[in-house]
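First comes the structure, then the notes that go with it.
The values are calculated or read from the model by the stated rules, or taken from the named source; none is laboratory data. Owing to the predicted nature of the structure, the values given are computational and were not obtained by experimental measurement. Glycine gets a Cβ as well: all are built from the backbone with ideal geometry, and neighbour counts include every protein chain shown. The protein model used for the area step is the full one, side chains on, heavy atoms only, and it has no ligands, DNA or RNA in it. Shrake-Rupley method; radii C 1.70, N 1.55, O 1.52, S 1.80 Å.
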Amino acid sequence: MKEPMKKNIRIFSILITIAVPLLLLMASIRMLLNPFYLDYEYNLNSFPPDEFGFSQADRLHWGKLSLQYLTNNAGPEFLADLQFEDGQPIYNERELSHMLDVKNLVQLMIKILIFVAAFLGISWILAWRIGWQSQFWKAVSLGGWITLGLIGLVLLGVVLDFDALFVGFHHLFFTGETWLFYVDDTLIRLFPEKLWSDAFTFMGVFTLVGAVVCTFLGARLAQKHQ
């Protein structure tokens, strides 16, 4: 095989390997950004009640609207216009600012997810057309192995010290202490730590399943196309 061809295959394989963990992680997160996750969490017997007065119905109502904001095209006024029966706003300015930061991060993630999924789809078609299917599936399998390692670390962090993992996550994606709130702020009342620790666990499990499929199915298909 000519040297330029070998180089192209290496680059092709590296890009596929990097794309697989990104796809699996972001797809798992996107799955949890749906109302069914709040339905599940708020109905758990172990889910902590709101000591400041939100009922389960209140949490479902305001929580789903907040989740909807993260994935729709509305501006900050979508949340800023929400009010309690007494006319008080649901969220204060600090909470609105943080939710805008989260929305921007989620929207960016969704765009990257679509791009990565399209890239992998086009890469598979290209591999099929020019006879690189074995290299493609080997790269998918390697990406699966890398994902298994990453998720193993995440799940270990959840078990050993979720607080440290949670703080580290926020320091990575948000500036300063803009993500810290009082216990009676609406964001904390709607989305307590229990919800986040479960979300990290579910994200890990969903990604783990995808990684296992990629690892072993990729290896099998790579061998088939040799």
Applied in sequence order to the range 89-99, the curve 6.51 cos²θ - 1.76 cosθ + 1.60 (Karplus, θ = phi - 60°) yields integer Hz couplings, x standing for Gly and Pro, of x, 5, 10, 7, 4, 5, 5, 4, 5, 5, 5
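Treat every Asp and Glu Cβ in the chain as -1 and every Lys and Arg Cβ as +1, leave all other atoms uncharged, and give the resulting dipole magnitude about the Cα centre to the nearest 20 debye.
Its charge dipole is roughly 2280 debye.
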Which of 133, 173, 147 sits closest to the plus end of the dipole of the range 106-185, meaning its Cα is farthest towards the positive end, when Lys and Arg get +1 and Asp and Glu get -1 on the C-beta?
133
What lysines does residue 224 reach when the alpha-carbon gap must be under 25 Å and sequence neighbours fewer than 8 apart in one chain are set aside?
2, 6, 7, 138
With loop defined by DSSP as not H, G, I, E or B, and exposure as at most 16 other Cβ atoms within 10 Å, which is the longest segment of the chain clear of exposed GluC sites (Glu not before Pro)?
86-176
Can you pull out the chymotrypsin sites (Phe, Trp or Tyr not before Pro) in the range 1-69 that DSSP calls coil and that have at most 11 other Cβ atoms within 10 Å?
52
Any lysines with Cα under 27 Å of the residue 194 Cα? List them, leaving off those in the same chain fewer than 8 positions away.
64, 103
In square angstrom, what is the accessible area per residue of the range 1-53 with a 1.4 angstrom probe?
62 Å²
Extreme residue, positive dipole direction of the range 16-129, given options 47, 105, 18 (C-beta unit charges):
18
With Cβ to Cβ distances under 14 Å as the rule, what net charge do the other residues near residue 117 carry (K, R +1; D, E -1)?
+2
HN-Hα J couplings of the range 37-51 from phi, Karplus 6.51/-1.76/1.60, θ = phi - 60°, integer Hz, Gly and Pro as x?
5, 5, 4, 5, 5, 5, 8, 6, 4, 8, 6, x, x, 7, 6
Can you give me the accessible area per residue for the range 102-160, using a 1.4 Å probe, in Å²?
57 Å²
So if I take the centroid of the Cα atoms in the range 15-34 and the same for the range 116-152, what is the distance between those two points in Å?
13 Å
Rounded to a whole %, the carbon-and-sulfur portion of the accessible area of the chain at a 1.4 Å probe is 65 percent
